Amino acid sequence: MKGIAGKNVLVTGGSSGIGQAIAVRFGQEGANVAINYRKSIEEAEKTEAMIQQCCASIEGCGQRSLLVQADVAQADQVQQMFEAMVQAFGGIDILVNNAGFQISGPSHEVPMDSFDRVMATNLRGAYLCARHAIQHFLDAGKPGSIINISSVHQTIPKPHYISYAVSKGGMQNLTTTLALEYAAQGIRVNAIGPGATVTPINRAWVDDPDKRAQVESHIPMRRAGTAEEMASATVFLASDEAGYITGQTLYVDGGLTLYPDFRTPWSSE
Ligand code: NAD
């Protein structure tokens, strides 16, 4: 895709699932990729090896990759992550806010500290990383792009996952507010809204054929999405091919946000 080769990209939570597919896809497009991971360096190393494999297949590829450990909920670690990236690559052009997790429970019983932890990663962490990226874009006097990996649940309520739903709802406003505030400086801020996607976050149903069929029966396209499909949309939004798009969420959801219950009319004659 146009305008990706040679760019410096940071992917948070880039060692598994959607983040890993995004990191690898940027690598395939010739970008320098910093892979943020929180705990397992083994997983991050696997992602790096996948990127190096892509590089081996690109003639004259001078692309670099970097592993950066940080918990995006911790301001000092986020600062160190950006310093490490700028030192290694000389700057940043594209930030992908992908790190996220969820905790379930009846909304009136969820311990407040678990609510706070989800918000600290999914929303506050994304904002923290966006602040650093924007400061770098402004200091460098160059355009930049931020892609937030949100969810269909930024708009569809998710009972029993109150902190997750609230964090993704907040992410929608993070996307639109930052997009409007920095549009004149050439900084674009967009999001993707994945539907049900086959990744470790969904380990409860992806490997169980009955549960998976139950999940997929709710999806108009009758199948879950793949991490690679999320990566395609992300790289598109970061590319020059989306150069006039800002403040938008691109739902990549097999039709899940299309009110599936209205597939056949039931509310009128
Ligand atoms: P995943 O569990 O494979 O990936 C999440 C990654 O975030 C992991 O690598 C994890 O270590 C990392 N992470 C979590 N907390 C972190 C922190 N504080 N600091 C740094 N890294 C942290 O799951 P996934 O499905 O690939 O999720 C990626 C993103 O996509 C999440 O934001 C999730 O909400 C979103 N999403 C996923 C789906 C889906 O169905 N899989 C649907 C909608 C949205």
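You will find that of G193, G186, G170, the residue that is at positive phi and in contact (Cβ under 8 Å) with a residue 24 or more places away in the chain is G186 and no other.
Scanning segment 160-192 for residues that are surrounded by fewer than 18 Cβ atoms within 10 Å (Cβ to Cβ) and in a loop (DSSP other than H, G, I, E, B) returns H160, G186. In this structure, does P209 turn out to be free of Cβ contacts under 8 Å to residues at least 12 places away in the same chain and more than 17 Å from F101 (Cα to Cα)? Judged against the criteria, P209 is a match. The listed residues are D71, D93, and the only one of them that is surrounded by fewer than 20 Cβ atoms within 10 Å (Cβ to Cβ), within 17 Å of the chain's Cα centre (by Cα), modelled with pLDDT of 95 or more and within 23 Å of L174 (Cβ to Cβ) turns out to be D71.
Within this structure, V11 fails the test of being in contact (Cβ under 8 Å) with a residue 40 or more places away in the chain and open to solvent by 10 Å² or more (accessible area, probe 1.4 Å).
P157 meets each of the listed conditions (1) in a loop (DSSP other than H, G, I, E, B); (2) touching a strand residue (DSSP E or B) at 6+ places or on another chain (Cβ under 8 Å) apart from (2).
Confirm whether D76 is within 15 Å of the ligand (Cβ to nearest atom), more than 14 Å from H136 (Cα to Cα) and open to solvent by 70 Å² or more (accessible area, probe 1.4 Å). Spelling it out, D76 is indeed within 15 Å of the ligand (Cβ to nearest atom), more than 14 Å from H136 (Cα to Cα) and open to solvent by 70 Å² or more (accessible area, probe 1.4 Å). From the list D139, D113, the one residue that fits, being without any contact (Cβ under 8 Å) to a residue 12 or more places away in the chain and within 15 Å of the ligand (Cβ to nearest atom), is D113. Figure legend. Inter-residue proximity from segment 97-108: first residues within 21 Å of A130 (Cβ to Cβ), second residues within 8 Å of the ligand (Cβ to nearest atom) and in a loop (DSSP other than H, G, I, E, B), beta-carbon distance below 6 Å, spacing 6+ or different chains. Indicated pairs: N97/T12; N98/T12; N98/G13; A99/T12; A99/G13; A99/V72.
Number of residues in segment 171-203 that are closer than 16 Å to A231 by Cβ and more than 13 Å from the ligand (Cβ to nearest atom) equals 1. If you check K39, K2 for being under 23 Å from Q77 (Cα atoms) and either modelled with pLDDT under 95 or out of contact with any strand residue (DSSP E or B) (no Cβ under 9 Å at 6 or more places or on another chain) (or both), only one passes: K39. Of everything listed in (1) within 14 Å of the ligand (Cβ to nearest atom); (2) out of contact with any helix residue (DSSP H, G or I) (no Cβ under 7 Å at 6 or more places or on another chain), the single unmet condition for Y127 is (2).
The values are calculated or read from the model by the stated rules, or taken from the named source; none is laboratory data. No experiment lies behind these values; they were computed from the predicted model shown. Don't worry about glycine lacking a Cβ; one is built from the backbone with ideal geometry, like all the others, and counts go over all protein chains shown. What goes into the accessible areas is simple: the full protein's heavy atoms, side chains included, and nothing from ligands, DNA or RNA. Shrake-Rupley method; radii C 1.70, N 1.55, O 1.52, S 1.80 Å.
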